[in-house]
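K.L.:
Here's a structure for you.
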């Protein structure tokens with residue numbers, strides 16, 4: 001059974017964005033495109049209406065590209081448990097109030113028991129300085145905390161890289 005992944009807004013945003021002049025951002029764009037084009041079919045992808053709303057913002061042509069990329073991906077319900085956990089993430093100070101949407105991404109992925117939350121948001125989501133507090137908050141709420149990761153991390157495990165795998169080991 002494939003692993004489930006919640007796709008957060010930064011993934012389609014980096015996929016369709018114009019090549020950056022910043023080398024780190026350019027590398028993230030390329031890793032995102034490579035993951036999307038080569039690896040996404042190995043997983044069950046999910047997102048939320050909030051991600052679609054965020055993807056629809058901005059320049060019309062790029063917004064249309066982002067929405068096309070997300071088309072057909074099942075949406076997770078932003079139900080009462082999701083809203084309660086998102087509110088708790090902000091109320092406890094784990095995330096600042098300006099990161100309310102990020103709290104919803106985390107809560108939706110957790111409440112719906114996603115295996116992974118895929119993001120490039122390293123300020124409010126994939127931030128090692130809040131990881132322990134996220135774990136404690138989710139645990140206290142009785143909610144599964146998904147593995148929070150970037151596309152890059154899917155290319156560092158040689159055991160999952162079929163091009164480098166010995167066929168006799170498969």
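The values are calculated or read from the model by the stated rules, or taken from the named source; none is laboratory data. Model, not experiment: these values are computed from the prediction. So basically every Cβ, Gly included, is an ideal-geometry build from the backbone, and we count neighbours across all protein chains shown.
K.L.:
Looking at (1) assigned to a loop (DSSP other than H, G, I, E, B); (2) within 27 Å of residue 145 (Cβ to Cβ); (3) modelled with pLDDT of 95 or more, which is the one condition that is false for residue 1?
P.N.:
(3)
K.L.:
Which condition number does residue 6 fail, the rest of (1) touching a residue at least 24 places away in the same chain (Cβ under 8 Å); (2) loosely packed, with under 14 Cβ neighbours inside 10 Å; (3) under 17 Å from residue 72 (Cβ atoms) being met?
P.N.:
(2)
K.L.:
Can you find a residue in the stretch 91-114 that is in contact (Cβ under 8 Å) with a residue 60 or more places away in the chain, outside any helix (DSSP H, G or I), surrounded by fewer than 21 Cβ atoms within 10 Å (Cβ to Cβ) and on the phi > 0 side of the Ramachandran plot?
P.N.:
The answer is yes, given that some residue of the stretch 91-114 is in contact (Cβ under 8 Å) with a residue 60 or more places away in the chain, outside any helix (DSSP H, G or I), surrounded by fewer than 21 Cβ atoms within 10 Å (Cβ to Cβ) and on the phi > 0 side of the Ramachandran plot.
Quick grid of which residues meet (1) within 21 Å of residue 116 (Cα to Cα); (2) surrounded by 13 or more Cβ atoms within 10 Å (Cβ to Cβ); (3) in contact (Cβ under 8 Å) with a residue 60 or more places away in the chain:
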position: 17; (1), (2), (3): no, yes, no
position: 20; (1), (2), (3): no, yes, no
position: 32; (1), (2), (3): yes, yes, yes
position: 38; (1), (2), (3): yes, yes, no
position: 46; (1), (2), (3): yes, yes, yes
position: 56; (1), (2), (3): no, yes, no
position: 73; (1), (2), (3): yes, yes, yes
position: 76; (1), (2), (3): yes, yes, yes
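K.L.:
Considering only the stretch 151-169, I want to know if a residue exists there that is modelled with pLDDT of 95 or more and either at positive phi or crowded, with 21+ Cβ neighbours inside 10 Å (or both).
P.N.:
Yes, the stretch 151-169 contains at least one residue that is modelled with pLDDT of 95 or more and either at positive phi or crowded, with 21+ Cβ neighbours inside 10 Å (or both).
K.L.:
Another question, if that's okay. If you take the residues in the stretch 121-133 that are in contact with a helix residue (DSSP H, G or I) (Cβ under 7 Å, 6 or more places away or on another chain) and within 13 Å of residue 90 (Cα to Cα), which one is surrounded by the fewest Cβ atoms within 10 Å (Cβ to Cβ)?
P.N.:
Among those residues, the one meeting the criterion is 124.
K.L.:
Could I ask something else about it? Please indicate, with yes or no, whether at least one residue in the stretch 7-29 is assigned to a strand (DSSP E or B), within 19 Å of residue 63 (Cα to Cα) and touching a helix residue (DSSP H, G or I) at 6+ places or on another chain (Cβ under 7 Å).
P.N.:
Yes, the stretch 7-29 contains a residue that is assigned to a strand (DSSP E or B), within 19 Å of residue 63 (Cα to Cα) and touching a helix residue (DSSP H, G or I) at 6+ places or on another chain (Cβ under 7 Å).
K.L.:
Does the stretch 60-71 contain at least one residue that is part of a helix (DSSP H, G or I), touching a strand residue (DSSP E or B) at 6+ places or on another chain (Cβ under 7 Å), surrounded by fewer than 19 Cβ atoms within 10 Å (Cβ to Cβ) and without any contact (Cβ under 8 Å) to a residue 60 or more places away in the chain?
P.N.:
No; the residues of the stretch 60-71 include none that is part of a helix (DSSP H, G or I), touching a strand residue (DSSP E or B) at 6+ places or on another chain (Cβ under 7 Å), surrounded by fewer than 19 Cβ atoms within 10 Å (Cβ to Cβ) and without any contact (Cβ under 8 Å) to a residue 60 or more places away in the chain.
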